[in-house]
Amino acid sequence: MKNCEINIRDPFILVHDGRYYMYGTRGKTCWGPADGFDVYTGADLEDWEGPAEVFHTPPGFWADQNYWAPEVHLYKGEFYMFASFKADGICRGTQILKASSPAGPFMPWSDGPVTPRDWECLDGTLYIDKGAPYMVFCHEWSQIKDGAICAVALSDDLKRAAGEPKTYFTASEAAWGVPIKDGDCYVTDGPFMFTTGSGGLLMLWSGFSKDGYAMGTARSTTGGLDGEFVQDEKLLFSKDGGHGMVFRGLDGGLRVTLHTPNDTPMERPMFYHALEKDGHLEILMAAREPYGLYKE
């Protein structure tokens with residue numbers, strides 16, 4: 001399959017054993033009842049095998065709708081999926097699943113969501129800070145109007161939260177952010193943490209700008225989660241695309257992936273060459289492996 005044939009939102013790439021594993025929100029079921037996640041595999045970011053189901057709702061599972069934003073991280077020799085789920089009368093939250101292979105099958109690992117049970121939350125991502133695991137996630141605008149990005153410490157085995165969440169910023173603090181819904185609701189989506197070559201820490205996150213769905217960056221003042229995050233004025237992706245992440249391609253070059261456009265059912269995964277310079281990220285051009293190795 002080609003990227004133009006794959007209808008997913010929130011693409012996430014795991015590079016493992018010389019292959020790309022691409023996960024994402026199923027486009028056809030993103031806004032209603034849902035029952036699983038898939039993986040696509042390939043070697044060039046253009047031609048993919050799949051989809052192959054890597055998670056299917058087990059009997060008694062608590063959620064039956066809005067299966068969103070699966071990310072898969074290799075941690076201590078095992079593969080952990082962070083994904084958001086929802087059910088009627090139960091707050092949306094990020095649960096952690098586990099498998100011995102990036103191809104699954106993934107099974108529930110945490111006891112339900114590790115986000116606060118009385119918060120509407122989404123888009124948890126794993127970040128290891130000074131050797132300790134944390135989950136960075138969104139406190140959803142649908143509950144608090146001005147969406148926030150937060151982090152919570154996790155237990156070493158990733159089974160549960162190990163502290164109280166810390167809020168870093170709200171969407172309205174970004175100069176590029178514009179409100180939705182009656183002019184007082186601001187969206188935060190899809191945080192992803194990227195450590196720069198100089199040891200700085202950037203957070204990619206998405207919201208809405210004057211030109212629609214967009215993705216910006218914020219910079220830690222300390223290079224870790226113990227600092228504050230200062231918003232970069234320049235958007236990383238400015239029009240009708242977002243919920244992205246950064247990875248190194250098989251040739252060692254930086255890549256950014258995101259979905260665009262932001263309209264169902266037209267969403268497709270896109271890939272771009274990226275450059276890190278002076279602690280900032282910049283998207284350069286559409287990427288197809290193995291063309292182009294970009295370095296500072």
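Please treat every number below as a calculation from the coordinates, not as lab data. Just so you know, these numbers come straight off a predicted model, no measurement behind them. Glycine gets a Cβ as well: all are built from the backbone with ideal geometry, and neighbour counts include every protein chain shown.
What share of Cα pairs, in percent, lie more than 26 angstrom apart in the stretch 1-132? Summing the P(r) tail past 26 Å for the stretch 1-132 gives 19 percent. Volume per residue of the convex hull around the Cα atoms, evaluated for the stretch 77-183, comes out as 130 Å³. Expressed as a fraction of 2.2 N^0.38 Å, the C-alpha radius of gyration for the stretch 164-238 is 1.11.
Note on the stretch 181-296: Cα Rg divided by 2.2 N^0.38 Å, N the number of residues, gives 1.08. Of the trypsin sites (Lys or Arg not before Pro) found in the stretch 175-223, those that fall in a DSSP loop while having at most 11 other beta-carbon atoms within 10 Å are 181, 210. When the alpha carbon gyration tensor of the chain is reduced to an equivalent ellipsoid, its three semi-axes come out at 24, 23, 20 angstrom, largest first. Using only side-chain charges placed at the Cβ, +1 for Lys and Arg and -1 for Asp and Glu, the dipole size of the chain relative to its Cα centre rounds to 160 debye. Of the cross-linked pairs 145/234; 145/210; 98/159; 145/181; 2/28; 76/130, those separated by over 20 Å at the C-alpha level are 145/234. Take 112-125, 228-241 and order them by the average number of nearby Cβ atoms within 10 Å per residue, most first; the result is 112-125, 228-241.
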